[in-house]
Amino acid sequence: MIEPNTSLTRLYRGARVAVATTALLILLGCGDDKDVDPPAELTDISTTREVHRVWSAGLGGDAERLRLALKPVIVEGRVYAASHDGEVISLNADTGKRAWVVKTKLALSAGPEVAGGLVVLGSSDGDLIALDATNGAQRWRRAIASEILAQPLIVNDVVVIRTVDGHVEGLAVADGKTKWAVDEQVPRLTLRGTAPPVLAGDRIIAGFDNGKVLAIDPRNGEVMWDTIVNAPRGRTELERLADIDSPARIAGDDIFVVGFQGRIAMLARDSGQIWWARDASSYRGFTMDDQNLYLTNSDSVVIAMRRTDGAVQWEMSTLRRRGLTAPAIDGDALVVGDFEGYLHWLDKATGTIVARQKAGGERITNAAISGDTGVYVQTDSGKLLAYRSAARAIKTAEGAPDAPSPDGGP
C-alpha cells in the first residue's frame with residue numbers, strides 16, 4: 001500500500017517515532033538498573049595545553065535530556081545561536097558582543113543554518129522559520145507538521161530540511177514554499193536524533209534510521225543513488241537499531257558515514273559504492289582532517305582511524321560512558337564535551353587528555369565548533385561559551401619558554 005504524502009500522515013509518523021524513542025531510552029537503562037556500568041570518574045591529568053575562556057552568553061531554554069540539534073555556527077565573524085525557548089542571537093565571534101536578539105516564541109530544536117543572508121531554524125512542533133541575518137527580522141515561516149531534529153541546509157535557492165519521520169523537503173529560499181519532497185520509511189523503533197542533510201558537490205547526502213544513505217539532487221529532489229551502509233541485524237527491535245544519526249563528512253569525491261550498531265564506511269560520491277567499511281557504533285559522529293577520522297563511539301571511546309582504509313591509529317577510553325560529544329578539531333587537539341558539562345582537549349596525535357575545562361554543570365550534547373577566533377560550545381541549558389587554546393610552552397634549560405616541537409618532544 002502506498003502511504004499518502006500528507007502533513008497529517010507525517011504528524012502521525014513523527015508521533016510514533018517519538019513514542020518509540022521514549023520506550024528505547026527506558027529499555028537502555030535510564031532508570032536505576034544496577035547492572036549498568038557507571039560513567040568513568042574523572043582523574044587528574046597533566047595539563048600541557050593552555051585553555052582560556054574568552055566570553056560567555058546565556059540563552060536560556062533548558063533542554064536537558066531532550067537531545068536537540070541546537071549548536072552555534074560562525075559566519076563572517078559572527079556567531080549565531082538559538083535556545084529551546086525560542087531565542088535567537090547574533091554575536092561578535094571575537095568579543096561576544098550581541099548584534100541582535102530575537103524571541104521567536106517557538107520551541108526551537110534544530111539549527112541555526114546561516115547562508116545567503118538567511119538564518120533558518122526548526123522547532124519541536126514542526127515549524128520552520130527564516131530570519132534576516134543582518135537584523136533578525138522574520139522573512140517567512142512554515143509549518144512542516146513533524147519535529148525537526150536536524151540542522152537545515154541552504155543550497156543556492158533551496159532550504160533543505162529533514163524531519164524525524166524520514167521526510168526530506170526542499171523549500172524556496174525566498175518564501176519557504178515546497179519545491180520537492182522525498183520520503184524514506186522509518187523503522188518503528190529508533191534512537192532520538194536525525195542526521196542532517198549535507199552538501200557533497202552537486203548533491204545532498206542524507207542518512208536515515210533504516211541504515212540507508214541517499215544522494216539527492218537539490219534542484220528537483222531526484223534520488224541519484226541510495227546505498228545501505230548499516231543493514232539492520234538481529235531478532236529484536238533493539239538489536240536491529242541501525243540509525244545513521246550523525247552528519248556525513250565530505251572530502252572531495254569521498255563520503256564518510258557512521259551508524260549505530262553497525263559500520264563506519266567510505267563511499268564514492270558519484271555512485272554510492274562502498275570503498276571500505278569497518279565495524280563501529282556511533283550516534284554522536286566524527287570529524288576528520290587530511291589523514292584521520294576521529295570518532296566518538298556509542299560507549300564514549302574516542303578512536304582515531306586512518307582515512308584511506310579505516311585502520312585504527314589510537315583509542316582513548318579514559319572517558320568511557322560519559323556521554324561524549326563528537327570531537328571538534330582545535331588546531332593540533334580535539335575537543336569533546338560530556339554529560340557533566342566538562343570539555344576535554346585531547347592530543348590529536350595520541351589521544352592523551354591535555355586540558356580540561358568546566359563549561360557548567362549541564363550536559364553538552366552537541367559537538368563544539370571551531371573557527372579562527374576560537375572554539376565555541378553550547379550546553380543543553382542554553383549557555384554559550386568561547387575558548388581559545390594553544391599548546392603550553394616548554395621551558396628550556398636556560399629557563400626561557402620554548403614551543404613544543406611538532407612531535408611533542410622538547
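The values are calculated or read from the model by the stated rules, or taken from the named source; none is laboratory data. A quick note: this is a predicted structure, and the numbers were derived from the prediction, not measured. Note that we place each Cβ from the backbone using ideal geometry, even for glycine, and neighbour counts take in every protein chain shown.
Total residues in the stretch 131-145 satisfying the condition of being part of a loop (DSSP other than H, G, I, E, B) and touching a Ser or Thr at 6+ places or on another chain (Cβ under 9 Å): the figure is 6.
Which members of the stretch 274-309 meet the condition of being of a type in the set (S, T, N, Q) and crowded, with 18+ Cβ neighbours inside 10 Å?
Of the residues in the stretch 274-309, the ones of a type in the set (S, T, N, Q) are 281-282, 287, 291-292, 296-298, 300, 308.
Within the stretch 274-309, S281, S282, T287, N292, T296, N297, S300 qualify.
Restricting attention to the stretch 164-192, the residues that are touching a strand residue (DSSP E or B) at 6+ places or on another chain (Cβ under 8 Å) and of a type in the set (S, T, Y) total 1.
Please go through the stretch 197-233 and pick out each residue that is surrounded by fewer than 16 Cβ atoms within 10 Å (Cβ to Cβ) and either of a type in the set (D, E) or touching a Phe, Trp or Tyr at 6+ places or on another chain (Cβ under 8 Å) (or both). Once the filter is applied, which keeps residues that are surrounded by fewer than 16 Cβ atoms within 10 Å (Cβ to Cβ) and either of a type in the set (D, E) or touching a Phe, Trp or Tyr at 6+ places or on another chain (Cβ under 8 Å) (or both), the stretch 197-233 yields D202, D217, N220, E222, D226. The set of residues in the stretch 148-190 that are basic (K, R) and either surrounded by 22 or more Cβ atoms within 10 Å (Cβ to Cβ) or part of a loop (DSSP other than H, G, I, E, B) (or both) comprises R162, K177, R188.
When you look at E113, is it acidic (D, E), part of a strand (DSSP E or B), at pLDDT 95 or above and crowded, with 17+ Cβ neighbours inside 10 Å, yes or no?
Numbers: acidic (D, E): yes; part of a strand (DSSP E or B): yes; at pLDDT 95 or above: yes; crowded, with 17+ Cβ neighbours inside 10 Å: yes.
So E113 passes the test.
Over 27 Å from R53 (Cα atoms), among the charged types (D, E, K, R) and in a strand (DSSP E or B) - does that describe any residue in the stretch 118-130? Looking through the stretch 118-130, at least one residue is over 27 Å from R53 (Cα atoms), among the charged types (D, E, K, R) and in a strand (DSSP E or B). From the list R356, R322, the one residue that fits, being among the basic types (K, R), outside any strand (DSSP E or B), modelled with pLDDT of 95 or more and more than 25 Å from R78 (Cα to Cα), is R322.
Pick from T236, T194: which is surrounded by fewer than 24 Cβ atoms within 10 Å (Cβ to Cβ), modelled with pLDDT under 95 and hydroxyl-bearing (S, T, Y)? Full working, then the answer.
On the way: T194 fails: surrounded by fewer than 24 Cβ atoms within 10 Å (Cβ to Cβ).
Of the residues listed, the single one that is surrounded by fewer than 24 Cβ atoms within 10 Å (Cβ to Cβ), modelled with pLDDT under 95 and hydroxyl-bearing (S, T, Y) is T236.
Give me the residue from the stretch 334-374 that is of a type in the set (S, T, Y) and more than 15 Å from A390 (Cβ to Cβ) and, out of that set, nearest to the chain's Cα centre (by Cα). Among residues in the stretch 334-374 that are of a type in the set (S, T, Y) and more than 15 Å from A390 (Cβ to Cβ), the one nearest to the chain's Cα centre (by Cα) is T365. Only one of the numbered conditions (1) over 20 Å from the mean Cα position of the chain (by Cα); (2) surrounded by 14 or more Cβ atoms within 10 Å (Cβ to Cβ); (3) in a strand (DSSP E or B) is violated by V101, and that is (2).
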